[in-house]
Amino acid sequence: MSPQPVPATPKPPATKSPANNPPTTKPANPGGAAAKPKLAVWKFASCDGCQLSILNCEDELLALAGAVDIAYFPEATRGMVAGPYDLSLVEGSVTTPVDAERIRRIRAESSTLVTIGACATAGGIQALRNFADVDEFRSVVYAHPGYVSALDRSTGIATHVHVDFELRGCPIDKGQLLEVFAAFVQGRPPRVPAHSVCMECKLRGNVCVMVASGTPCMGPVTQAGCGALCPSYNRGCYACFGPKETANTASLADQLIRLGLGDRDVMRMFRTFNAAAEDFRQQSVAHDEGGRR
Amino acid sequence: MTHKLTGDQLLTTDPLARVEGEGAMTVRVRGGSVTDVELRIFEPPRFFEAFLRGRAYTEPPDITARICGICPVAYQMSSCLAIEQVCGVRVDGPLRDLRRLLYCGEWIESHALHIYLLHAPDFLGFDGVVDMAPHAPEAVERGLRLKRVGNEVMTLVGGRSIHPVNVKVGGFYRVPTRAELRTLREPLLHAREDALETVRWVSGFDFPDFEQHQEYLALRSPDSYAIEGGSFVSSSGIAFESADFDLHVREEHVARSNALHARLHGVGSYVVGPMARYTINHDVLSPLALEAAAAAGLGATCRNPFRSIIVRAVELVYACDEALRIVAGWEPPSQPAVEVTPRAGVGTGATEAPRGVIWHRYRLAGDGTIRDARIVPPTSQNQASIEEDMRSFVQDRLDLPTDELTRQCEQAIRNYDPCISCATHFLHLHVERA
């Protein structure tokens, strides 16, 4: 099998690029105005946490089920309706040859395709293999590595097919997910902020953990969406929403070094749940002595 | 496809709905006898144990949470215990209580999810909770209420319910105030009533006449129902500490399926999870949970996997009870975490995830760098027993139309609340065709 290349160009920033403006709702089913849009939820390599976010909408779940026809969602129902689908939510990253084919079929039968979470958007934690020798990984975990079929790289969905909107987070935020549903039903682009976690800290009235107590924090380069959760719990942000647009990762890396972190620590901070997002990948590689570039 | 199984046939369920992750099962029938059952998992490998090598000793709680979005706390807690053991640290008192409270939140959320959204629809003949809602609106609302309270507990203590951010090796980044914790009291009181109603509701379901006689394995603590730690005890009396887990449990390669099956030394396949915990620890349940269990007809053990839904409901009552007990008596510690200084060595940690015990082992270098990691999740431990269950279950039901048999098999697998995405790396991705 041939390795999946890491995307050569930076991923488009959230909300600003054409890729993140979903088309106006066009019901794929010919049932007319009365037909509810058909929703499908797909799983690739992931922890299931982003799908669970749908079921965690306890107050909205039944209303949601009233507004859309849940046509395919194996985590929630054994009932399965064939495509095409009006809205496909995709969780997880592409890590096997079979899945690289499967995502193309799903794209072909989906009017609108939205990725949910860091795996589907940036390859997830399993993209740590992208910086290592997968054969070695296989032999660490499996007694019979020859039986395990896996690509050398874990890649986000947009590496393979056109994505209409990418919802960030590891896991996604429930409020942002509901905004995606509302926007879809109303035929408008989701309103999801593209600013940094720093902005959310200011809005929340948090004291800056990096300035006040020298705690390493990824907030300045990380896209908002969590409500500045980690700084509110007295820890630095660990970037689970991935890079914000025009993130100055080099400047943050310098600051982290000034706080006393070594190159290896800086490399690890950029190499977690969004390790394959281009801005983070470049910065982690810059601090990786002897690693695979 | 509604014809019956005769002669040499394959029954395949594909993919298995309503388990977290996607699996499939193959049953091979030859001359009217079940010769082979294989539960397969369509989950690509993610290589956690490999990429943990070289990471810092502070990172496993955040990284291993991502193995499973349904039981992240279980991974966080087992990894913390293991690393604290390497470093010679013991977390006790209010910090341990806070961990137990967070874990109770995960039990409430996960058990409510499984009982109401995933398993009850099987018993009542629905495809899923959305179909069930118009027919059992009160029950569905009760289930969603319970689930919400579990998430509230996790959100307050952990920062969020999926992949909590507040857990660290040694304790927490920030501990709540007493006043913050007290806000959980009212919701938990309501949840406990809902949990008691849950026991009554599920104990009225129809249960297939089916028994299995597997060995049960669970953690045990001297004075409470083990959740966030304990020693291993089995139903036949085998007892060992977490540090000796890999002396007692071997993962065997099964040539037929290329899967690894966990085997208890001297016994063979075994079961972890609610039925095992209840059998081994029911004597230390709270009085209210014991009373609910007795009223639901549970005795000293539970041997019918279909009745595991009742045990889960009893554990819901217990988790609410425990959460209330901790909330009522909790005093904040002077520090949110114990200082943990890295040192070279090996440590293990085991805790009870909602679906069964999770065991972690780490070897650290002197500077805290992880040299190697091993993680044994519950579903890989139950895998062999699920297959054995299915063998006798299908044998007695070969006369059923295929689609009905398929539905019943799915229900039987869901008895174990399999967390497919945790167990993925024990399975070979291979589809057999007759």
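The values are calculated or read from the model by the stated rules, or taken from the named source; none is laboratory data. Quick caveat, the model's predicted, so the values are computed rather than measured. Neighbour counts are summed over all protein chains in view; Cβ atoms, including those assigned to glycine, are modelled from backbone coordinates with ideal geometry. Only protein heavy atoms, including side chains, enter the accessible area calculation; ligands, DNA and RNA are left aside. Shrake-Rupley method; radii C 1.70, N 1.55, O 1.52, S 1.80 Å.
In this structure, does B:ASN304 turn out to be more than 14 Å from every other protein chain (Cβ to nearest Cβ), among the polar types (S, T, N, Q) and open to solvent by less than 10 Å² (accessible area, probe 1.4 Å)? No.
Residue count for region A:58-101, restricted to those that are more than 19 Å from A:GLN186 (Cα to Cα) and not aromatic (Phe, Trp, Tyr): 26. The lone criterion from (1) without any contact (Cβ under 8 Å) to a residue 60 or more places away in the chain; (2) open to solvent by 10 Å² or more (accessible area, probe 1.4 Å); (3) within 13 Å of chain A (Cβ to nearest Cβ) left unmet by B:ASP92 is number (3).
Of the residues making up region A:223-268, not one is of a type in the set (Lys, Arg), within 14 Å of chain B (Cβ to nearest Cβ) and touching a residue at least 60 places away in the same chain (Cβ under 8 Å). Taking only pairs six or more apart or across chains, which ones have beta-carbon atoms under 9 Å, a first residue in region A:188-210 that is in contact (Cβ under 8 Å) with a residue 24 or more places away in the chain, and a second residue that is open to solvent by 100 Å² or more (accessible area, probe 1.4 Å)? Listed pairs, sorted by first residue: A:ALA194/A:LYS16; A:CYS201/A:VAL207. Among the residues of region B:95-125, the one identified as among the acidic types (Asp, Glu) and open to solvent by 10 Å² or more (accessible area, probe 1.4 Å) is B:ASP97. Confirm whether B:ILE375 is in contact with a His (Cβ under 8 Å, 6 or more places away or on another chain), assigned to a strand (DSSP E or B) and open to solvent by less than 10 Å² (accessible area, probe 1.4 Å). For B:ILE375, the condition - in contact with a His (Cβ under 8 Å, 6 or more places away or on another chain), assigned to a strand (DSSP E or B) and open to solvent by less than 10 Å² (accessible area, probe 1.4 Å) - is met.
Of the residues B:SER242, B:SER224, the single one that is surrounded by 15 or more Cβ atoms within 10 Å (Cβ to Cβ), among the hydroxyl-bearing types (Ser, Thr, Tyr), out of contact with any strand residue (DSSP E or B) (no Cβ under 6 Å at 6 or more places or on another chain) and more than 14 Å from chain A (Cβ to nearest Cβ) is B:SER224. Given the criteria out of contact with any strand residue (DSSP E or B) (no Cβ under 6 Å at 6 or more places or on another chain), within 14 Å of another protein chain (Cβ to nearest Cβ) and within 16 Å of A:LEU113 (Cβ to Cβ), does A:LEU151 qualify? Criteria not met by A:LEU151. Kindly check whether there is at least one residue in region B:187-209 that is over 19 Å from B:VAL317 (Cα atoms), of a type in the set (Phe, Trp, Tyr), in contact (Cβ under 8 Å) with a residue 12 or more places away in the chain and open to solvent by 40 Å² or more (accessible area, probe 1.4 Å). Scanning region B:187-209, I find at least one residue that is over 19 Å from B:VAL317 (Cα atoms), of a type in the set (Phe, Trp, Tyr), in contact (Cβ under 8 Å) with a residue 12 or more places away in the chain and open to solvent by 40 Å² or more (accessible area, probe 1.4 Å), so the answer is yes.
Scanning region B:171-185 for residues that are farther than 24 Å from B:THR341 by Cα and either part of a helix (DSSP H, G or I) or not β-branched (Val, Ile, Thr) (or both) yields a total of 8. Annotation: of all residues in region A:54-102 being in contact with a Ser or Thr (Cβ under 9 Å, 6 or more places away or on another chain) and among the hydroxyl-bearing types (Ser, Thr, Tyr), the one that is nearest to A:CYS170 (Cα to Cα) is A:SER93. Picking from residues in region B:1-60 that are of a type in the set (Gly, Ala, Ser) and over 30 Å from A:GLU136 (Cα atoms), the one that is modelled with the highest pLDDT is B:SER33. Could you check region B:134-172 and list, in sequence order, the residues that are surrounded by fewer than 20 Cβ atoms within 10 Å (Cβ to Cβ) and farther than 22 Å from B:VAL327 by Cα? B:PRO134, B:HIS135, B:ALA136, B:PRO137, B:GLU138, B:GLU141, listed by residue number. Filtering B:SER161, B:SER110 for residues that are under 30 Å from B:LEU81 (Cα atoms) and without any contact (Cβ under 8 Å) to a residue 60 or more places away in the chain leaves a single hit, B:SER161. What number of residues within region A:48-64 satisfy the criterion of being under 20 Å from B:VAL140 (Cβ atoms), in contact (Cβ under 8 Å) with a residue 12 or more places away in the chain and facing another protein chain (nearest Cβ under 7 Å)? Counting residues in region A:48-64 that are under 20 Å from B:VAL140 (Cβ atoms), in contact (Cβ under 8 Å) with a residue 12 or more places away in the chain and facing another protein chain (nearest Cβ under 7 Å) gives 4.
Checked against the criterion of being crowded, with 24+ Cβ neighbours inside 10 Å and in contact with a Phe, Trp or Tyr (Cβ under 7 Å, 6 or more places away or on another chain), the candidates A:LEU87, A:LEU113, A:LEU177, A:LEU167 yield just one match: A:LEU87. Picking from residues in region B:379-434 that are assigned to a loop (DSSP other than H, G, I, E, B) and modelled with pLDDT under 55, the one that is most open to solvent (accessible area, probe 1.4 Å) is B:ARG433. Of the residues making up region B:320-361, those that are assigned to a loop (DSSP other than H, G, I, E, B), open to solvent by 60 Å² or more (accessible area, probe 1.4 Å) and either free of Cβ contacts under 8 Å to residues at least 12 places away in the same chain or among the charged types (D, E, K, R) (or both) are B:GLU331, B:SER334, B:GLU339, B:ARG343.
Against the criterion of being assigned to a helix (DSSP H, G or I), open to solvent by 40 Å² or more (accessible area, probe 1.4 Å) and closer than 30 Å to B:ARG200 by Cβ, B:LEU288 qualifies. Taking the criterion of being among the β-branched types (Val, Ile, Thr) and modelled with pLDDT under 95, the residues of region A:55-93 that qualify are A:VAL68, A:ILE70, A:THR77, A:VAL81. Could you tell me whether any residue of region A:135-143 is farther than 21 Å from A:CYS240 by Cβ, open to solvent by 10 Å² or more (accessible area, probe 1.4 Å) and not in a helix (DSSP H, G or I)? Checked region A:135-143: at least one residue is farther than 21 Å from A:CYS240 by Cβ, open to solvent by 10 Å² or more (accessible area, probe 1.4 Å) and not in a helix (DSSP H, G or I).
Of the residues A:ALA45, A:ALA71, A:ALA76, A:ALA67, the single one that is in contact with a strand residue (DSSP E or B) (Cβ under 7 Å, 6 or more places away or on another chain), at negative phi and more than 9 Å from chain B (Cβ to nearest Cβ) is A:ALA71.
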